[in-house]
């Protein structure tokens, strides 16, 4: 799949802004020297190799999926994905499982890349038309996914078996933004998987919590947790 992936320059730019770890040493040096606004609006558009970014991205998503499936069975499951970027993980999962995705994302690109905590969840690096194009062109069946604009759409209001939010919910913005909504679309068997810098906080939010991975090389030192059943 990594050799045949469909990607264009605009999609590659968004992937790079979403996953800055895919940038090579030269791009990272340029970003440091000239600033994040210049990097976002110029460098990430014109100084990239789209096919290389696409291959690196899918390889990374395959690794993420391989790690997740050690603890989970996603076949025949309804999955809610929050802040999934270009949804490469969901794409990879779809080839190995018969599952359905509801994807909640932003539909704009912020003026400059901002990493770290965003208490208002105002940062966005996506284009929902390009997201749909990326999934369809790479073989995901349209009947297996729906995309929702966080800022303008009514969010899906059905029960989900899994809720995924890797490096998004409680990594870049507060879990509380989604807390009431997640209570409505989950039950005691729903697995909620996300990365957080404060895992102990959620011991008072959920009845069950397991740490499945520790990340020490990312922007924040975080842990990936699986939670079940709100208290």
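Quick one: which of 209, 166 is touching a strand residue (DSSP E or B) at 6+ places or on another chain (Cβ under 7 Å), buried (at least 19 other Cβ atoms within 10 Å of the Cβ), touching a residue at least 12 places away in the same chain (Cβ under 8 Å) and within 26 Å of residue 63 (Cβ to Cβ)?
Result of the check over 209, 166: 166.
Would you say residue 132 is assigned to a helix (DSSP H, G or I), surrounded by 15 or more Cβ atoms within 10 Å (Cβ to Cβ), free of Cβ contacts under 8 Å to residues at least 24 places away in the same chain and in contact with a strand residue (DSSP E or B) (Cβ under 7 Å, 6 or more places away or on another chain)?
So residue 132 passes the test.
How many residues are modelled with pLDDT of 95 or more and assigned to a helix (DSSP H, G or I) when one looks only at segment 87-107?
The total comes to 7.
Being under 17 Å from the mean Cα position of the chain (by Cα) and at pLDDT 95 or above is true for just one of 202, 194, 230, 206. Which residue is that?
Selected residue: 194, the only one of 202, 194, 230, 206 that is under 17 Å from the mean Cα position of the chain (by Cα) and at pLDDT 95 or above.
Hey, any hits in segment 69-80 for a residue that's in a helix (DSSP H, G or I) and either under 20 Å from residue 212 (Cα atoms) or modelled with pLDDT under 90 (or both)?
no
Here is a list of conditions, (1) within 16 Å of the chain's Cα centre (by Cα); (2) more than 21 Å from residue 160 (Cα to Cα); (3) surrounded by fewer than 20 Cβ atoms within 10 Å (Cβ to Cβ), and residue 11 meets all of them except one; can you say which number that is?
Of everything listed in (1) within 16 Å of the chain's Cα centre (by Cα); (2) more than 21 Å from residue 160 (Cα to Cα); (3) surrounded by fewer than 20 Cβ atoms within 10 Å (Cβ to Cβ), residue 11 misses just condition (3).
Here is a yes/no grid of residues against (1) under 22 Å from residue 146 (Cβ atoms); (2) free of Cβ contacts under 8 Å to residues at least 60 places away in the same chain; (3) surrounded by fewer than 20 Cβ atoms within 10 Å (Cβ to Cβ):
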position	(1), (2), (3)
16	no, yes, no
50	no, yes, yes
64	yes, no, yes
91	yes, yes, no
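On the basis of being over 23 Å from residue 14 (Cα atoms) and modelled with pLDDT of 95 or more, does residue 145 make the cut?
In short, no.
Enumerate the pairs (first residue in segment 181-196 and at positive phi and surrounded by fewer than 20 Cβ atoms within 10 Å (Cβ to Cβ); second residue anywhere and modelled with pLDDT of 95 or more and outside any helix (DSSP H, G or I)) with beta-carbon separation below 6 Å, excluding pairs fewer than 6 apart on the same chain, so at least 6 apart or on different chains.
none
The values are calculated or read from the model by the stated rules, or taken from the named source; none is laboratory data. Quick caveat: nothing in here was measured; it's all calculated off a predicted structure. So basically every Cβ, Gly included, is an ideal-geometry build from the backbone, and we count neighbours across all protein chains shown.
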